[in-house]
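The values are calculated or read from the model by the stated rules, or taken from the named source; none is laboratory data. Quick caveat: nothing in here was measured; it's all calculated off a predicted structure. In this analysis, Cβ positions are derived from the backbone assuming ideal geometry, glycine residues included, and neighbour counts consider all displayed protein chains. Ligands, DNA and RNA are stripped out before the accessible areas are found, and what is left, the full protein with its side chains, is counted by its heavy atoms. Shrake-Rupley method; radii C 1.70, N 1.55, O 1.52, S 1.80 Å.
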Amino acid sequence: MNVMESFSLKGKIALITGASYGIGFAIACALHEAGATIVFNDIRQELVDKGLAAYEEKGIKAHGYVCDVTDEAAVNALVAKVEEEVGVIDILVNNAGIIKRIPMHEMTADQFRQVIDVDLNAPFICAKAVIPSMIRKGHGKIINICSMMSELGRETVSAYAAAKGGLKMLTKNIASEYGALNIQCNGIGPGYIATPQTAPLRELQPDGSRHPFDQFILAKTPANRWGDPEDLAAPAVFLASDASNFVNGHILYVDGGILAYIGKQP
Ligand code: NAP
Ligand code: GCO
C-alpha cells in the first residue's frame, strides 16, 4: 500500500468520547480531515450542542449524543444506536476524563472512586461495548488517552495517576487479548496541554506574572511550551489508521520531551 494512503481514514467511523471541546475535539477534527465520519458523546446536552456548533463551524457534520461513559447500560445503548444510525465503529478514542486535585490524605474514598470510574472503568466499558462488532468486522482501533501520570506521580493527583497508570495497563491488555483478531489498542500520553482542564494551573497571578506551576512546567519541558490540543492531531491519525497496523500496546507520549528530561538545571 502507498505510504500516504495508509494514513487515510476514508470510510471509517470514529467514536471519540467527551469530545465537545479540548483534546477530544482536536483529535476528532484530525480524524475527520483524514476521512473519518465523526461520532462523539458528552455528558450533558448543553455540551453536545456546543460541540455540534463547533464542528459545524469547521464544516464537519458530526453525530453527537448525550451519554455518561461510566454508565454501562447507557454506553451499550449508545453503541447500538450509532450502529443503527451511522454504522459499525471502526475507531474508538477513550478521551472523556476528569481530574480532582486534592491532597491524598484529604481525599475521600468516594472522590477517589469517581476519578477511577471516569478515567479507568469507563474506557473498559466503552472498549468492551465496541469490541464484539470489531471482531465481527475483522478490524478495530482503540486509542486510550493516557497521561504523564501514567508514568509519573505528583502531589494532589493520586486518583488520577492511579487511573491513568491503570489505563496504560488496560491498553496493553486489550492489545494482548485481541491483537490476533486484528484489533490494535494503543495509548496517547499527552504532556501538559493548554485546555480548560489545566486552566487553573496556568492562571496569571494578581501581579500579572505567570503561575508558579506554569513556570514549573516550562522548566520541565524541553520544548519550553505547553502543548496545544492540535499537537495530538497527527499522532491520533497515525494510531487510528493502517499506518500503525503493527503497532499494538504502545503508549505514544506526545509531551514536548518531558519524560526524557531531568529538568532545567539551576
Ligand atoms: P477535559 O475537561 O478533561 O475534557 C473531557 C471531556 O469529557 C469534557 O467534555 C467532560 O465534560 C467530558 N466528561 C467528563 N466526564 C464524563 C462522563 N462521565 N461521560 C462523558 N463525558 C464526560 O479536557 P481535556 O484536557 O481535553 O482532556 C481530555 C482527556 O485528555 C482526558 O482524559 C484528560 O485526562 C486527558 N489529558 C489531558 C491533559 C491536559 O494537559 N489537558 C494531559 C494529558 C491527558 P465536562 O466538561 O462536563 O467535565
Ligand atoms: C496535573 C495535570 C495533569 C495533566 C496531564 C499530564 O494536575 O498535573 O492536570 O495531570 O492534565 O494529564 O499529562
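Exactly one residue among ALA219, ALA223 is within 22 Å of PRO266 (Cα to Cα), open to solvent by 50 Å² or more (accessible area, probe 1.4 Å) and either touching a residue at least 24 places away in the same chain (Cβ under 8 Å) or assigned to a helix (DSSP H, G or I) (or both), and that residue is ALA223.
Residues are listed down the side, and each one gets a yes or a no for (1) more than 21 Å from GLN114 (Cβ to Cβ); (2) open to solvent by 30 Å² or more (accessible area, probe 1.4 Å); (3) within 16 Å of ligand 2 (Cβ to nearest atom); (4) not aliphatic (A, V, I, L, M):
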{"position": "VAL39", "(1), (2), (3), (4)": "yes, no, no, no"}
{"position": "VAL48", "(1), (2), (3), (4)": "yes, no, no, no"}
{"position": "LEU52", "(1), (2), (3), (4)": "yes, yes, no, no"}
{"position": "GLU57", "(1), (2), (3), (4)": "yes, yes, no, yes"}
{"position": "LYS61", "(1), (2), (3), (4)": "yes, yes, no, yes"}
{"position": "GLY64", "(1), (2), (3), (4)": "yes, no, no, yes"}
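On the stretch given as region 40-95, residues that are in contact (Cβ under 8 Å) with a residue 60 or more places away in the chain and acidic (Asp, Glu) total 1. For region 126-138, a residue qualifies if it is surrounded by 15 or more Cβ atoms within 10 Å (Cβ to Cβ) and under 17 Å from THR171 (Cα atoms), and the qualifying residues are CYS126, ALA127, ALA129, VAL130, ILE131, MET134. If you scan region 1-36, which residues turn out to be crowded, with 22+ Cβ neighbours inside 10 Å and polar (S, T, N, Q)? Answer for region 1-36, where residues must be crowded, with 22+ Cβ neighbours inside 10 Å and polar (S, T, N, Q): THR17, SER20.
Number of residues in region 163-203 that are in a helix (DSSP H, G or I) and within 10 Å of ligand 1 (Cβ to nearest atom) equals 8. Residue count for region 180-200, restricted to those that are more than 21 Å from VAL237 (Cβ to Cβ) and away from ligand 2 (no atom under 12 Å from the Cβ): 2.
Restricted to region 71-104, and to residues that are under 15 Å from the mean Cα position of the chain (by Cα) and β-branched (Val, Ile, Thr), which residue is nearest to ALA233 (Cα to Cα)? Outline the logic, then answer.
Residues of region 71-104 under 15 Å from the mean Cα position of the chain (by Cα): 91-99.
Keeping just the survivors that are β-branched (Val, Ile, Thr) gives 91, 93, 98-99.
Values: ILE91: 15, VAL93: 12, ILE98: 21, ILE99: 22 Å.
Here the answer is VAL93.
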